[in-house]
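Below is one structure, written out as structure tokens; comments come after it.
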Amino acid sequence: RKEVEQDPGPFNVPEGATVAFNCTYSNSASQSFFWYRQDCRKEPKLLMSVYSSGNEDGRFTAQLNRASQYISLLIRDSKLSDSATYLCVVNIGKFYFGSGTKLNVKP
Amino acid sequence: EAQVTQNPRYLITVTGKKLTVTCSQNMNHEYMSWYRQDPGLGLRQIYYSMNVEVTDKGDVPEGYKVSRKEKRNFPLILESPSPNQTSLYFCASSRGLAGTYEQYFGPGTRLTVT
């Protein structure tokens with residue numbers, strides 16, 4: 001079983017839609033959690049860290065559910081520029097990456 | 001500007017010709033790591049370093065070497081490249097593995113081995 005699992009998608013949504021991604025992790029000792037955004041053939045860039053209390057940054061909201069061992073990313077009012085692959089990253093004394101969820105936002 | 005740099009960005013080489021991909025960070029980070037990314041396989045860790053002179057194997061270390069003689073630099077060495085090492089390589093750095101420190105990635109090196 002992989003340490004971190006994501007639905008690969010793609011998620012095809014219209015502009016303005018709200019879309020949510022989940023990511024499950026297998027190790028309850030996981031220390032920290034992140035969402036990264038990766039554009040095609042570019043480096044992953046930190047979108048947001050995920051805190052126990054949940055956190056919001058503009059149109060993006062991240063949640064952590066330790067009991068069920070998943071993190072989520074909610075994107076409201078999707079823009080064309082949100083089209084990318086979103087990587088879930090979990091630190092369990094080492095960084096583990098999900099395989100990414102591809103988002104296509106269409107006009 | 002805080003950043004991770006990699007060179008070269010693109011490289012085409014032939015089987016067996018030794019090459020080095022450099023990685024440097026200006027954030028005084030202790031932790032550095034190399035990943036390769038292949039279609040359908042996601043990011044896989046090759047080697048990592050917790051600090052100067054401290055390196056360890058990741059998930060796919062075969063065919064690669066690294067060194068960490070200075071805190072800022074973490075070169076990746078392919079002593080005898082083979083076509084199955086054709087990939088997109090990323091270097092990353094972080095303040096450390098403890099706590100909530102994120103990783104910062106270099107721009108990537110696209111390597112083709114013919």
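Quick notes
- Neighbours of A:PHE60 by Cβ distance under 10 Å: Lys/Arg scored +1, Asp/Glu scored -1, total 0.
- Here chain B is treated with +1 on each Lys and Arg Cβ and -1 on each Asp and Glu Cβ, and its dipole about the Cα centre works out to around 280 debye.
- Net charge dipole, the protein assembly as shown: roughly 440 debye, given to the nearest 20, about the Cα centre with Cβ charges of +1 for Lys and Arg and -1 for Asp and Glu.
- Summing charges over neighbours of B:LEU76, with a neighbour being any other residue whose Cβ is under 10 Å away from its Cβ, gives +2 when K and R count +1 and D and E count -1.
- In the protein assembly as shown, a dipole from Cβ-located charges (positive for Lys and Arg, negative for Asp and Glu) runs towards its positive end, and of B:HIS29, A:LEU74, B:LEU97 it is B:HIS29 whose Cα lies farthest in that direction.
- Dipole magnitude (debye, nearest 20) for segment A:1-71, charges at Cβ of Lys, Arg, Asp, Glu: 160 debye
- Computed on chain A, with alpha-carbon pairs under 8 angstrom and 6+ residues apart, the relative contact order is 38 percent.
- Set of segment B:1-38 residues, backbone N closer than 18 Å to the point 7 Å along the Cα-Cβ line of B:LYS65: B:15-23, B:34
- Non-local lysine pairs in chain A, meaning eight or more places apart or on different chains, with alpha-carbon distances under 26 Å, amount to 15.
- Label point distance in nm, A:ASN22-B:ASP38, each placed 7 Å from Cα along Cα→Cβ: 3.1 nm
We did not get these values from a lab; they are worked out from the coordinates using the rules stated. This is a predicted model, so every value here is computed, not measured. Counting neighbours? That spans all protein chains shown, and the Cβs are built from the backbone with ideal geometry, glycine included.
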